[in-house]
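J.: Sending over a structure as structure tokens; questions will come in a sec.
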Protein chains: 2
Amino acid sequence: MGTADGDSTAVGARKRAARPRQGASMADVARIAGVSSQTVSRVSNGFPGVNEETRRQVLAAMRELGYRPNSAARALRRGEFRTLGVITFSLSTMGNIRTLEAIATSAAQHGYAVTLLPVAVPTQDEVNGAFSRLGELAVDAVIVIMEIHLLDAATVSLPPGVQVVVADSDAGDRYTVVDTDQAGGARDAVRHLLDLGHDTVWHLAGPEDSFAAQRRANAWRSTLAEAGAVPPPLVRGDWSAESGYRAGLRLAEQQDCTAVFAANDQMALGLLRALHERGRKVPDDVSVIGFDDIPESASFLPPLTTIHQDFAEVGRLCVEGVIGKMRQDGTAHGTTLVPTRLVQRRSTAPRPERRGGQDLSDSSVVGPEGGLQPPPVVER
Amino acid sequence: MGTADGDSTAVGARKRAARPRQGASMADVARIAGVSSQTVSRVSNGFPGVNEETRRQVLAAMRELGYRPNSAARALRRGEFRTLGVITFSLSTMGNIRTLEAIATSAAQHGYAVTLLPVAVPTQDEVNGAFSRLGELAVDAVIVIMEIHLLDAATVSLPPGVQVVVADSDAGDRYTVVDTDQAGGARDAVRHLLDLGHDTVWHLAGPEDSFAAQRRANAWRSTLAEAGAVPPPLVRGDWSAESGYRAGLRLAEQQDCTAVFAANDQMALGLLRALHERGRKVPDDVSVIGFDDIPESASFLPPLTTIHQDFAEVGRLCVEGVIGKMRQDGTAHGTTLVPTRLVQRRSTAPRPERRGGQDLSDSSVVGPEGGLQPPPVVER
DNA sequence: GCTCGTAATGTTTACGTAAACATGCGCTGG
DNA sequence: CCAGCGCATGTTTACGTAAACATTACGAGC
């Protein structure tokens, strides 16, 4: 009879499968240890006022039963989840990933878990969807890693009490923002090339709708202007190595182009390939500098001089910022900039004309020493 | 008197800051809508048995109050969190990241959130730590993206009822595993080079303690053996482009080395640089094939022929596997292999001797058509 | 006209935890 | 010698939700 009724058995099985996870509760531990559940709670949370002997008994009972605090009950009681939500576009760019990783690590150190909210495609609908899902999600605060303009137009309001910090973006008066010092990095890149004697610097920019790309391009233009150099027409890419390659084919035709600042390392990679294919030697004929310092860039042909971004620091500051805001109902919005640093490898060299007509392959001239204000990292 | 006591005021403020997140509860909605909270619950969960008119009123009240279900209470009541935990080493490899992304996307589609559990360094202590933190975490199931041997030695037992699926690893009899068909991919890579006429194929392997590296190396060896080729000494790297470069400097000395299978694209990148620096032309003198098909590999010098891994599929299968196991108390362990595919670009070519002494740069010979069983993707 | 079934809604209860408050006990000081 | 204090521990309660059970109301069938 016990197994006769197929239907009810199936229901029973489903029930059993759905609910065996709840192992022991505080009450169970309390019973074994011969104390009240409140004492178990005190031990569990490391509160004072528990006799050492009692504490040992409770801990023993916990071990025996394999007790794990139920985080749902805990969250319900405390009113907080100890969880941070991270909204990000598909983890396509290295920068986002490294930032995310730093966020996760830093959050763990602060006793917070991290919940991922991927946005498949960067459309307004998707972003709105992510924000409304957020409402039901067990998160105390949110870190957004994305270009802000989509966020601005988001029609869904955040749940009350949920703090937000935005990484890698702009608009510091509306949200708290942590970002790499895009402008500073771009300025250093352009100055580095100018200091090497190049008359001007071409720019292979990122896509128009990216704030980061915009700010790098603006800094490029203004640094050239400050130096009295004539800005060449801007060349547009889309961050991908492939787009860098296509742009590079065009740049290779420009005989007066001796120095290029690529807005990221991937595009620089494609650029290097195009220049190589067209017989323009790097750095002898053309100097190339990138941005990001992805791990592979040290192995490009030639190893890429680039602007290093400290994504780990960005992530860390995001977490500390958002936790800080939670602690003291922070409402002040502002922007924190994380400095970059120039990593000098072998894709940049003095302007060709200066080095005379002979093909002097004196390698010491490759690493120029003079003219740089902040001491750059050479190789690594 | 109300504001006289500074201390109590401070406490009050802290309380207010710590607990305003709980907006409206079901009871609040119920009061506004003039129904019981149970009816609100029914509407909230889309259950039947609610009059259409009543439902509209409740929904209106929800909107008015900005009601959001409290996921902690919900989880406590239901006994499940609708959350998946993902344990992974620092997101250093592209494969892990892409897998993670696919997991997050797929989980969202199934109504699950994803919580990240980063393990800073791959030591036993760290892994144990992650697993014990897991116990307190609000997760129903876990996906582990890591080499399993550390998992094997993990002393911390998983909370009961928490299902596990392992990605990118081995040991299918102990856990449910989803992995790329490492062996198949490696076999295709080696066969591709043999079919091009190379006498044998060198292998630039990943680190010894990686199962993926082991399996690729084993498949390399056995494929050579099947073909009656003599396996050259194995060259060891550590996945990084830098290690590929160092290995490449050594390989460049081997005049009989005409074909190299690198265990990942990063090492292939370093290898290309070393060969270039030592004047060994790719693919004219040496053919190089990679593994992974990272986005940049199409822009290497030359564009890299490689084995494409479908990380998205791996992630998707992980999620579906783990959810399936939860649904029907699955205990059967097994391994699901995701097939790879050969992406033919320009870093592989027929063996030099076959092409005669003259430096014939006929490009049509670069893309060999014959001899491959599975139709490879050419370029992309 | 009464019972019965069904649809719509309400009431009670329990999930596991932890704050708030209550109890008991031993010791100190006047 | 006992008021009073402080420590260790116990009891009550509430967090928001949803299952289980209870209660209406109304119409069909006899």
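Okay, residues lined up against (1) within 30 Å of the chain's Cα centre (by Cα); (2) crowded, with 16+ Cβ neighbours inside 10 Å; (3) among the aliphatic types (A, V, I, L, M):
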position: B:40; (1), (2), (3): no, yes, yes
position: B:45; (1), (2), (3): no, no, no
position: B:64; (1), (2), (3): no, no, no
position: B:99; (1), (2), (3): yes, yes, no
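J.: Checking residue B:128 against (1) more than 27 Å from residue B:328 (Cβ to Cβ); (2) at pLDDT below 75; (3) not small (Gly, Ala, Ser), which test does it fail?
T.: (2)
J.: Among B:97, B:103, which is more than 7 Å from chain A (Cβ to nearest Cβ) and either in contact with a strand residue (DSSP E or B) (Cβ under 6 Å, 6 or more places away or on another chain) or more than 16 Å from DNA strand D (Cβ to nearest atom) (or both)?
T.: Exactly one of B:97, B:103 is more than 7 Å from chain A (Cβ to nearest Cβ) and either in contact with a strand residue (DSSP E or B) (Cβ under 6 Å, 6 or more places away or on another chain) or more than 16 Å from DNA strand D (Cβ to nearest atom) (or both), namely B:103.
J.: Here's another thing I want to ask about it. Just to be sure, is residue B:292 surrounded by fewer than 24 Cβ atoms within 10 Å (Cβ to Cβ) and away from chain A (no Cβ under 11 Å)?
T.: Considered against the rule, which asks whether it is surrounded by fewer than 24 Cβ atoms within 10 Å (Cβ to Cβ) and away from chain A (no Cβ under 11 Å), residue B:292 comes out as no.
J.: Take the residues of segment A:106-117 that are surrounded by 21 or more Cβ atoms within 10 Å (Cβ to Cβ) and facing chain B (nearest Cβ under 8 Å): which is nearest to DNA strand C (Cβ to nearest atom)?
T.: A:113
J.: Which number in (1) modelled with pLDDT under 80; (2) among the basic types (Lys, Arg); (3) open to solvent by less than 80 Å² (accessible area, probe 1.4 Å) marks the one condition that residue B:351 misses?
T.: Looking at each condition in turn, residue B:351 falls short on (1).
J.: Would you point out the residue of segment A:106-125, among those that are modelled with pLDDT of 90 or more and of a type in the set (S, T, N, Q), that is farthest from residue B:89 (Cα to Cα)?
T.: Looking at the filtered set, the residue picked out is A:115.
J.: Kindly indicate the residue of segment A:304-313 that is surrounded by 21 or more Cβ atoms within 10 Å (Cβ to Cβ) and assigned to a loop (DSSP other than H, G, I, E, B) and also nearest to the chain's Cα centre (by Cα) among those meeting that condition.
T.: A:309
J.: Check off (1) touching a helix residue (DSSP H, G or I) at 6+ places or on another chain (Cβ under 6 Å); (2) part of a loop (DSSP other than H, G, I, E, B); (3) not aromatic (Phe, Trp, Tyr) for residue B:288 and give me the number that stays unchecked.
T.: It is condition (2) that residue B:288 fails.
J.: Turning to a different aspect of this structure: Among the residues in segment A:141-149, are any under 20 Å from the mean Cα position of the chain (by Cα), charged (D, E, K, R), surrounded by 20 or more Cβ atoms within 10 Å (Cβ to Cβ) and at pLDDT below 75?
T.: The answer is yes; a qualifying residue exists.
J.: Return yes or no: is residue B:58 over 20 Å from residue A:113 (Cα atoms), more than 8 Å from chain A (Cβ to nearest Cβ) and open to solvent by less than 60 Å² (accessible area, probe 1.4 Å)?
T.: Yes, satisfied.
J.: Cβ contacts < 6 Å: first residue in contact (Cβ under 8 Å) with a residue 60 or more places away in the chain, restricted to segment A:93-115; second residue open to solvent by 20 Å² or more (accessible area, probe 1.4 Å) and assigned to a helix (DSSP H, G or I), any location; separation 6+ or different chain. Result?
T.: A:102/A:312; A:102/A:316; A:106/A:316
J.: Report yes if residue A:33 is in contact (Cβ under 8 Å) with a residue 12 or more places away in the chain, within 9 Å of DNA strand D (Cβ to nearest atom), open to solvent by less than 30 Å² (accessible area, probe 1.4 Å) and not polar (S, T, N, Q), otherwise no.
T.: Yes: the conditions hold for residue A:33.
The values are calculated or read from the model by the stated rules, or taken from the named source; none is laboratory data. Being a predicted model, the structure only gives us computed values, none of them experimental. With ideal geometry, Cβ positions are generated from the backbone for all residues, glycine too; neighbour counts draw on all protein chains shown. Heavy atoms of the whole protein, side chains included, go into the accessibility calculation; ligands, DNA and RNA do not. Shrake-Rupley method; radii C 1.70, N 1.55, O 1.52, S 1.80 Å.
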